[in-house]
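In what follows, a structure is listed as structure tokens, so that the remarks can point back to it.
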Amino acid sequence: MTFLTRSIDTRLRSLGLTLPTPPDAVGAYAPVVVRERLGFVSGQFPLRDGRLIHVGRVGSELGEEEGREAARMAALNAVAQIRRHLAGFEGFAGLLRMDGYVASAPGFHAQPGILDAASELLSDMFGPTLGVHARTAFSVDQLPMDAPVELCLSFATSE
Amino acid sequence: MTFLTRSIDTRLRSLGLTLPTPPDAVGAYAPVVVRERLGFVSGQFPLRDGRLIHVGRVGSELGEEEGREAARMAALNAVAQIRRHLAGFEGFAGLLRMDGYVASAPGFHAQPGILDAASELLSDMFGPTLGVHARTAFSVDQLPMDAPVELCLSFATSE
Amino acid sequence: MTFLTRSIDTRLRSLGLTLPTPPDAVGAYAPVVVRERLGFVSGQFPLRDGRLIHVGRVGSELGEEEGREAARMAALNAVAQIRRHLAGFEGFAGLLRMDGYVASAPGFHAQPGILDAASELLSDMFGPTLGVHARTAFSVDQLPMDAPVELCLSFATSE
């Protein structure tokens, strides 16, 4: 266990964050796959205890702060998936990329601000070295389950 | 050739599946690129002999079973692309991720069920070890060529 | 520095191309992340000097040639991001994948032709060996900032 990875659990505690139980896959796939030191997390939604914490589109049914809450919840689920798959953070070598999808009302173009809530939380949790990630923001008309946000993360592993 | 990769051809035969001739790229790119043991298949559509087997959106022009047929056809084309690029399955080290896009009528939120048809076929073809993959489901308003499904696969190679 | 990477700067000059100053990230993420010889460029838009060169959807507000110009500008920005991150092209080991998103009017299905403008420019700049890439084309209703095109590139590095 390195200084960087040990500090992740310390950071989580100091942030007052408890990772949720990661949601099960909703189909014939795996929540996380790692091969050749490269890991992919299946698309994560703002689920808590099996239910979406918000439903609908940002800019109509939902306001921006609800969108940001949804982005944070999806990010927590993604991190919980990584921790469960790696049985901790020891093998975690840093985030690569986050694709963020925001279900948006027509004319709503402030997706980056919604996704910043997730990016900032990931940086807080993993620290600047392991938490830095490339990002792509998307505006979509609707998402599976009528969720407001879906996040796809990839990461590197050390073994 | 390992037990796992040899069994892929055996599995295909036992499933009664014949891989199609993989579609050519429809632009200035390659159907498959492999670098550093990581492979990407360009987006695959439900084409058979150069024509889409279904056209339109699931939930309006198309029913769910037609959507599932389209997902299976796109998955077969993706596997055919991998086999052609690797000249067999000897260098194939397992799927990483499938991004699945379903052209959906407003209010249709059952994309995971459509994409399961592809995920299940991939698991049947590659077996549980090499076939397991992360997945992200997307609902889109339309796809190129008015296709109902587009699949993007990535995979690991052994050399 | 290898023959292939040295020739990139030569190619740019012979094409009469000057790479733009790469746009800053518009949120809490990095424009490029490289880990384990794998690089991701955050989604790039057709920005020049901080402004979109075209705004709106292809097939309604914009014609196809304006869409192709937008695709080329986004590709130039992506290459400029790679060059800045790697401090040149010495460590560049080839493109992997381009995901191209085209904001499209209903009924416009010719996204591949729009994205070919970017793919062809990338092949011209990097040459056939390093420039070949897998590609996925998407049609979306709108993009952040009401941009007509967004491109996501990944690439391999040699160290």
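The values are calculated or read from the model by the stated rules, or taken from the named source; none is laboratory data. Keep in mind that this is a model prediction, so the values were computed, not measured. Positions of Cβ are generated from backbone atoms using ideal geometry, with glycine treated the same way; all protein chains shown enter the neighbour counts. Accessible surface areas use protein heavy atoms only, side chains included; no ligands, DNA or RNA. Shrake-Rupley method; radii C 1.70, N 1.55, O 1.52, S 1.80 Å.
Does B:Leu143 satisfy the condition of being open to solvent by less than 20 Å² (accessible area, probe 1.4 Å) and either in contact with an Asp or Glu (Cβ under 7 Å, 6 or more places away or on another chain) or more than 8 Å from chain A (Cβ to nearest Cβ) (or both)?
yes
For segment A:48-60, enumerate the residues that are open to solvent by 60 Å² or more (accessible area, probe 1.4 Å) and touching a residue at least 60 places away in the same chain (Cβ under 8 Å). Matches in segment A:48-60: A:Val55, A:Arg57. The set of residues in segment A:111-136 that are facing another protein chain (nearest Cβ under 8 Å), open to solvent by 10 Å² or more (accessible area, probe 1.4 Å) and among the aliphatic types (A, V, I, L, M) contains only A:Val132.
Entry remark, segment C:112-127: residues being of a type in the set (Gly, Ala, Ser) and touching a residue at least 60 places away in the same chain (Cβ under 8 Å) number 1 in total. Picking from residues in segment A:29-47 that are more than 12 Å from the chain's Cα centre (by Cα) and of a type outside the set (A, V, I, L, M, F, W, C), the one that is most open to solvent (accessible area, probe 1.4 Å) is A:Arg37.
Checking C:Ser139 against (1) closer than 18 Å to B:Arg35 by Cα; (2) touching a residue at least 12 places away in the same chain (Cβ under 8 Å), which single condition isn't satisfied? Answer for C:Ser139: the failing condition is (1). Taking the listed residues B:Ser158, B:Ser119, the one that is within 13 Å of the chain's Cα centre (by Cα), among the small types (Gly, Ala, Ser) and either modelled with pLDDT of 95 or more or closer than 21 Å to B:Pro31 by Cα (or both) is B:Ser119, with no other qualifying. Residues that are crowded, with 19+ Cβ neighbours inside 10 Å, touching a helix residue (DSSP H, G or I) at 6+ places or on another chain (Cβ under 9 Å) and either within 10 Å of chain B (Cβ to nearest Cβ) or acidic (Asp, Glu) (or both) within segment C:74-100 comprise C:Ala93, C:Gly94, C:Leu95, C:Met98, C:Gly100, listed in sequence order. Residues in segment A:67-116 that are over 12 Å from the mean Cα position of the chain (by Cα), of a type in the set (D, E, K, R) and more than 20 Å from A:Pro23 (Cα to Cα): A:Glu90 alone. Name every residue in segment C:122-146 that is among the hydrophobic types (A, V, I, L, M, F, W, C), at pLDDT below 95, touching a Leu at 6+ places or on another chain (Cβ under 7 Å) and under 19 Å from C:Glu65 (Cα atoms), in order of residue number. Selection gives C:Ala137 alone. Under the condition of being in a loop (DSSP other than H, G, I, E, B) and at pLDDT 90 or above, the residues counted in segment A:24-60 number 15.
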